[in-house]
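Structure, as structure tokens:
The values are calculated or read from the model by the stated rules, or taken from the named source; none is laboratory data. Remember, predicted model here, so these are calculated numbers, not experimental data. Please note: Cβ atoms are built from the backbone with ideal geometry, for glycine as well, and neighbour counts cover all protein chains shown. The accessibility values were calculated without ligands, DNA or RNA, using every heavy atom of the protein model including side chains. Shrake-Rupley method; radii C 1.70, N 1.55, O 1.52, S 1.80 Å.
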Amino acid sequence: MGLEFLARVRRSSLIAGLVIALAIAAVAPWKLAAGFTAGLLWSLVNLALLQFIVLTMTGAERGTPAALTRLGLAFAGSLVLFGAGAFLLFQLPAMALAAGFTLPFLVLTLKGASMALLESALWRRLTASRWQSALVLLVLVGGIWFGVDHFRTAPRAIAQGTESTQPEKPAGAHESAAAPEAKKPEGPKEFSNLIGIIAEGAIHKAEETHTEVPAWAKFLEHFEVIIYSLFVALLISVVSISVANNWTMIPGPLQALLETWVEHAYNFFTGILGPKYGPQLVPFLGTLFVYIYVMNIFGLIPFMHSPTSNLNVTVAMALTVFVYVQFMAFKELGFLGWLDHMAGSPRDLVGWALVPLMMPVHLIGEIAKPISLSCRLFGNIFGEDMLLVGFATLGVSALSALHLPFGLPLHVPFMFLAGIITAPVQALVFTMLSTIYFLLMLPHDDHGHGEHAEEAHHHAH
Amino acid sequence: MDFHAALGLGLPLGVGIAAIGSGIGLGMIGNGAMQAIGRQPEATAKIQTAMIIIGAFAEALTIYAFVTVFLLSGKI
């Protein structure tokens, strides 16, 4: 605790403030976001100056002329800062400025409170057992969920009660009943799944009794794929953690499987990315493969649904890869190196002349990558599911004349096709292309080889 | 021609045409890979990986047509 703590506070409030400013700029006028950013920056500079002044006045060399000069400069700087603050106060919305100004103090308070909490006996008792802390977290999340829901719906219920919109209600219910019917023909039918059945049942019941659709049914209907993908992630995590906790010298079947996979993934990705970046990216890429593969074959289980057959999930994953690739490029190349890469690494006159052409080409190429990644995965898995539905329907309708309770299992061969070929190949393609995008953006080892070649050339002379 | 009739005629035809292109592409990829493996059997693993990836590229074009059909098939 000390100066390093203050530096950390500054850093986290800067990052959090920039994220908040971006969020504000997305939903509100830009002036609010600009005011927030300006207030935040002002507050941070002010804090830094104050820290500098206090350090100079209490440091070891206080009273020397050099220290006095620095002190004077700092005071002049804070005067300039106050002038700038007054100017900003007239230019930008005051509330946004105040919010930005308060953020570092908020971060300071929260950090201090969390540090105090971490050292307390209560916290130690709560985190003594893994299950106990998980239970506490669950209770907290549930409490917040229902609390927020209650506060959000309470004013609306009061308003409805006072206005007594009794005659309007059936009309509204009728409208909401008509809307899904109009929506239904859009898009093909899929295999029904567990969450979908529950949600549709609740919605159907609400429509029949002309009551409002319950919130949890709407939630289930909207977030069906997200629940499934989270469930898959949970499944993979539980299996991996349980195996990793019971690590033995003589591996059981699950441990042998995981060890084989990890070793293969390590060799595979390190072989492509090279020894420097390979080990760093193996956890991300290997997990990506396992995650996508399990999500792909999840739809083959009865009453389950492949999350990857929904565009939202695949776009989210492709965007994650895109952000990670750009982050690594910025980290390894620096901003100028990234610009140089985007301009096609101009080294001679022809290269510089081609910059205006190369820049948009590279930019469009970067943006096209996540689109093609997500559309490919979505299209393949969705198409596979549709194929299964089509053949299952065909099998049922083939025997419909006999009125039997079952149909011909015409879709079973295609299930093997999906499980053995499409699912692993698409997971491999997604992971492989992500690896290649990393490889293209990261600095190459060409220079090293070039120098060696030149040295050899010199030796030959 | 009616809008619905045009869609009903065009959508399957579109998938068929896309499948022709993809099929030619996949055939050429498989041809090249098989020849390469025949010439250099020790490089089989590397060639197969590259073949699968390029095959996925070629296949994706038909999938795009397929997705378009499914997105528009509700309007017929």
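Averaged per residue, what accessible surface does chain B expose to a 1.4 Å probe, in Å²? Before the final figure, lay out each step's value.
Values: 4720 Å² over 76 residues.
That works out to 62 Å² for each residue.
Tell me, in nm to one decimal, what length is gained between A:Leu235 and A:Leu258 on full extension, where the rule is 0.36 nm per residue of separation less the Cα-Cα distance?
Residue separation times 0.36 nm, minus the Cα-Cα distance, leaves 6.9 nm.
So, R0 is 51 Å and r is the distance between the beta-carbons of A:Thr64 and A:Ala94; what FRET efficiency does that work out to, to 0.05?
Rounded to the nearest 0.05, the efficiency is 0.75.
Return the carbon/sulfur percentage of the accessible area of segment A:253-456, one whole number, probe 1.4 Å, all protein chains in place. Show your work: numbers first, answer last.
Working: 8150 of 10740 Å².
Its accessible area is 76 percent carbon and sulfur atoms.
Which percent of the accessible area of chain B is formed by carbon and sulfur heavy atoms (probe 1.4 angstrom)?
Taking all protein chains in place, chain B shows 73 percent carbon and sulfur surface.
Ignoring ligands, DNA and RNA, what percent of the accessible area of segment A:3-119 is carbon or sulfur (1.4 Å)?
C and S fraction of accessible area: 80 percent.
Once the Cα gyration tensor of segment A:253-456 is diagonalised, what are the square roots of 5 times its eigenvalues, in whole Å and ordered largest first, as equivalent ellipsoid semi-axes? All intermediate terms of the calculation are to be shown ahead of the outcome.
Numbers: eigenvalues 383, 89, 32 Å².
That gives 44, 21, 13 Å for the three semi-axes.
Per residue, how much accessible area does segment A:49-158 show when a 1.4 Å probe rolls over the protein heavy atoms, in square angstrom?
Values: 8290 Å² over 110 residues.
Per residue, segment A:49-158 has an accessible area of 75 Å².
When you look at the Cβ of every residue in B:46-58, what mean number of other chain Cβ atoms sits within 10 Å?
Mean shielding by partner chains, rounded to a whole number: 3.
Considering only protein heavy atoms, what per residue accessible area in square angstrom results for segment A:253-456 with a 1.4 angstrom probe?
Computed with neighbouring chains in place, this is 53 Å² per residue.
Can you tell me, using C-alpha contacts under 8 Å and at least 6 residues apart, the relative contact order of chain A as a whole percent?
12
Give the average over all directions of the projected area of the C-alpha convex hull of the protein assembly as shown, one decimal, in nm².
Computing the convex hull of the Cα atoms and averaging its projections yields 44.9 nm².
How much length would be gained if the chain were fully extended between A:Arg11 and A:Leu339, taking 0.36 nm per residue of separation minus their Cα-Cα distance, in nm to one decimal?
Separation in residues times 0.36 nm, less the Cα-Cα distance, equals 115.5 nm.
Once all Cα-Cα distances of segment A:3-119 are split into 10 Å bins that start at 0, what whole-number percent is in each one?
Result, from short to long distances: 13, 35, 31, 16, 3, 0 percent.
Report the accessible area of A:Arg124, computed with a 1.4 Å probe over the heavy atoms of all protein chains in place, in Å² rounded to the nearest 10.
So the heavy atoms of A:Arg124 present about 150 Å² to solvent.
Counting only protein chains, not ligands or nucleic acids, how are A:His305, A:His341, A:His222 ordered by accessible area (probe 1.4 Å), most first?
Correct descending sequence by accessible area is A:His222, A:His341, A:His305.
Apply the membrane-span-like helix rule to chain A: whole DSSP H runs, Cα extent along the own long axis of at least 24 Å, mean Kyte-Doolittle hydropathy at least 0.0. List the helices found.
A:3-27, A:30-58, A:65-91, A:94-119, A:130-163, A:224-245, A:253-298, A:311-342, A:355-398, A:423-441
If you take the accessible area of A alone, add that of B alone, and subtract the area of the pair, what total do you get in Å², probe 1.4 Å, to the nearest 100? Before the final figure, lay out the partial values.
Details: alone 30020 and 5420 Å², together 34100 Å².
That pair of chains buries around 1300 Å² in total.
May I ask you to rank A:Lys331, A:Lys111 by accessible area, largest first, using a 1.4 Å probe over the protein chains only?
Ranking A:Lys331, A:Lys111 by accessible area, largest first, yields A:Lys331, A:Lys111.
Go ahead and collect, in residue order, the members of segment A:300-340 whose backbone nitrogen is under 17 Å from a label point 7 Å along the Cα-Cβ direction of A:Trp352.
A:340
Please report how far the C-alpha centroid of segment B:35-56 lies from that of segment A:194-271, rounded to the nearest whole angstrom.
Between the Cα centre of segment B:35-56 and that of segment A:194-271, the gap is 34 Å.
Through the Karplus equation 6.51 cos²θ - 1.76 cosθ + 1.60, θ set to phi - 60°, convert the phi angles of segment B:67-76 into ³J(HN,Hα) values in whole Hz; use x for Gly and Pro.
Ordered by residue, 3J(HN,Hα) equals 4, 4, 4, 5, 5, 9, 5, x, 8, 5 Hz.
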